[in-house]
Amino acid sequence: MNEQNNRPIPEFEGYSPFEMHKILHFSFAIDSPLELQKLSDTDYKNIPIINQIKYLTDLIDKKGDIKLTNKGFLPTKIVSDLYNQGFLKDEHIDNGISKLYKETDSMTINITRILIELAGLTKKRNGKLSLTKSAQKLLEDNEALLRQLFLTFTNKFNWAYYDGYGENHIGQLGYGFSLILLSKYGQTKRLDSFYAEKYFKAYPKLLDLLEPTYGTLENYASRCYSIRIFDRFLDYFGLIRIEEDKKGLDSIKNITKTELFDKLIKVRPHNNVYTK
């Protein structure tokens, strides 16, 4: 059994079932092939979602608390202020397809407000949003803050929330394997479908959860994966560059990892000393 669990699997890029178990369920545990590394202060300033969260929490800190709308969302003035900082953008707003008025008009602002609550930075009381006691210490420690936000985003936030591809775990399950793929292949510009194909070879049963509403199952699944892992995860953390030709269903998307990726994400080779 030990031999079986430690044999290299081609579909896992040579990692063993034991290592894949760690990648899937304990992505950054001490015996996982993945490690989050400490960055310089300058590098932390290049992470869009960190900048947006720090700006919002600073606003809350200065005001003491923020009165939320009756439905529990950020007030329109703060929504406008936050979006205009330009940390994260919504394509449909920038292209004039829709206007920004309330929090739910911007997915990036809505995600930010949800994240700071899930990460324990804020609490709601009597219709007001304020910082928690532990928030101040966390906000002053960039390494701890990034780790908290990264793990919150990957483990607590539901990636299927916005995209219409259904309640499944595509992209989010095994996101650590996608990091391994980017580490290995991301230096060269490659199509998003290149990564999707490798991802579904490792986790083929995830395809059974999809019912395509357009195109082939493979193309539909690839697009679902691409939107979740690239557009709405790695790009928010500044870990990739996306070059896109055309828009919508005809889009051709090329992915390259950034310098920040290699500074933050350390990947140990398969069959290393950690396989026991």
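Please determine whether any residue of the range 36-52 is farther than 26 Å from residue 181 by Cβ and crowded, with 17+ Cβ neighbours inside 10 Å.
Yes, some residue in the range 36-52 is farther than 26 Å from residue 181 by Cβ and crowded, with 17+ Cβ neighbours inside 10 Å.
Would you point out which residue out of 197, 211 is outside any strand (DSSP E or B), over 28 Å from residue 269 (Cβ atoms) and open to solvent by 20 Å² or more (accessible area, probe 1.4 Å)?
Selected residue: 211, the only one of 197, 211 that is outside any strand (DSSP E or B), over 28 Å from residue 269 (Cβ atoms) and open to solvent by 20 Å² or more (accessible area, probe 1.4 Å).
Please determine, by comparing only the residues of the range 14-23 that are of a type outside the set (S, T, N, Q) and open to solvent by less than 50 Å² (accessible area, probe 1.4 Å), which one is farthest from residue 173 (Cα to Cα).
14
Taking helices (runs of 4 or more DSSP H) that do not extend beyond the range 84-155, which have at least 2 residues that are open to solvent by 30 Å² or more (accessible area, probe 1.4 Å) and closer than 24 Å to residue 39 by Cα?
Working: elements: 91-94, 107-118, 135-139, 142-155.
Correct list: 135-139, 142-155.
Those residues that are under 24 Å from residue 245 (Cα atoms) and not aliphatic (A, V, I, L, M), I need them from the range 154-182; list them, please.
Result: 162, 163, 164, 165, 171, 178.
How many residues are hydrophobic (A, V, I, L, M, F, W, C), in a strand (DSSP E or B) and touching an Asp or Glu at 6+ places or on another chain (Cβ under 8 Å) if we restrict to the range 224-258?
Result for the range 224-258: 3.
Restricting attention to the range 34-83, which residues are among the aromatic types (Phe, Trp, Tyr) and assigned to a loop (DSSP other than H, G, I, E, B)?
Across the range 34-83, the qualifying residue is only 73.
The values are calculated or read from the model by the stated rules, or taken from the named source; none is laboratory data. Just so you know, these numbers come straight off a predicted model, no measurement behind them. Glycine gets a Cβ as well: all are built from the backbone with ideal geometry, and neighbour counts include every protein chain shown. Ligands, DNA and RNA are stripped out before the accessible areas are found, and what is left, the full protein with its side chains, is counted by its heavy atoms. Shrake-Rupley method; radii C 1.70, N 1.55, O 1.52, S 1.80 Å.
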